[in-house]
Amino acid sequence: MSDLSVLYDAPGPRARARNWLYTVLFFALLALVLWWVLSAMADKDQLTADKWRPFVDDSRVWTTYLLPGLLETLKAAALSIGIALPLGAVLGIGRLSEHRWVRIPAGVVVEFFRSIPVLLMMVFANQIYAQSTDIEPEIRPLYAVVTGLVLYNASVIAEIVRSGILSLPLGQSDAAKAIGMRKWQVMCFVLLPQAVTAMLPALVSQLVVIVKDTALGGAMLGFGELLNQHREITANYGANTIATFTVIAVIFILLNLLLTTFASWLEGYIRRGKKTTGAVVHTGATDDMGFDEPLGKH
């Protein structure tokens, strides 16, 4: 008996026939919807060669709009990641503290900023910077975008770190304490190094979210990131909206593919270099985990 047969009964001839029928109907419906969408775009002259030619023949669309927008996206994402990762690690470790005066404030900060939409934090930060600081209006959207991304994603990363550490067997910390290691040594030299590989998939997913969420600043604050450049391109190259969005989408896909590919290589490299518990913290797992107890009491 195979392992799969334990989970569900193997389909019989009629069930297999129905599955094939459903599959054929689904793809037929999908093809019909795709044909309708393409026909509608063709009726609006969005599929003509003239709409796509600027991205091939005119280098200015890249040097003036797309590449500068991509640079702003990478700048905001890099700043946000560079600040959110260590801040999230500190908050996540703080939530595992045995001291209530550390654990409770860290938990309040994490739950508060994790519950607020990141766009609202960007808008709020932009207003604070406009009314309370001397930051130049040209770079103020960058500061607001980074602030919103850091506050939200540091809170999410804190839960990823906490979940990754709590996924380790209890014997790890017990053995370290038995040989006389202090609490900070147990965390820094035993738990965190082993939890890194368990946290990597969820961390990478969150980093991809950071890259994509930079587009929110362009939509609401006028931040000159990649997606925001579609306004200038469509205004100067004949209202080629579909072509512009398609090219920008491909750039985002390639950018995030590079990030996930690098992370997969890094995860494999770390796993080959040391033994791990095999635990993995998946995206969304932190929303379902309700542990609020300190490290030494779970």
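The values are calculated or read from the model by the stated rules, or taken from the named source; none is laboratory data. Please read these numbers as outputs of a predicted model, since none were measured by experiment. No Cβ is skipped: glycine too gets one built from the backbone with ideal geometry, and neighbour counts run over all protein chains shown.
Please go through (1) in a helix (DSSP H, G or I); (2) modelled with pLDDT under 90 for Met181 and return the number of the only condition it doesn't satisfy.
(1)
Could you figure out which of (1) of a type in the set (D, E, K, R); (2) buried (at least 19 other Cβ atoms within 10 Å of the Cβ); (3) modelled with pLDDT under 85 isn't true of Lys274?
Against the list (1) of a type in the set (D, E, K, R); (2) buried (at least 19 other Cβ atoms within 10 Å of the Cβ); (3) modelled with pLDDT under 85, Lys274 comes up short only on (2).
Residues that are surrounded by fewer than 14 Cβ atoms within 10 Å (Cβ to Cβ) and not aliphatic (A, V, I, L, M): which helices (runs of 4 or more DSSP H) entirely in segment 42-135 hold 2 or more of them? Reasoning before the result, please.
Numbers: elements: 49-52, 54-57, 67-94, 100-115, 118-132.
Per the criteria, 67-94, 100-115, 118-132.
Residues that are loosely packed, with under 15 Cβ neighbours inside 10 Å, without any contact (Cβ under 8 Å) to a residue 12 or more places away in the chain and more than 17 Å from the chain's Cα centre (by Cα): does segment 162-170 have at least one?
no
Looking at Met199 and the list (1) under 23 Å from Ala84 (Cα atoms); (2) surrounded by fewer than 20 Cβ atoms within 10 Å (Cβ to Cβ), which single condition is not satisfied?
If we test Met199 against (1) under 23 Å from Ala84 (Cα atoms); (2) surrounded by fewer than 20 Cβ atoms within 10 Å (Cβ to Cβ), just (2) comes out false.
Just one of (1) in contact with a Gly (Cβ under 9 Å, 6 or more places away or on another chain); (2) at pLDDT below 80; (3) surrounded by 14 or more Cβ atoms within 10 Å (Cβ to Cβ) trips up Asp292, so point out which.
(3)
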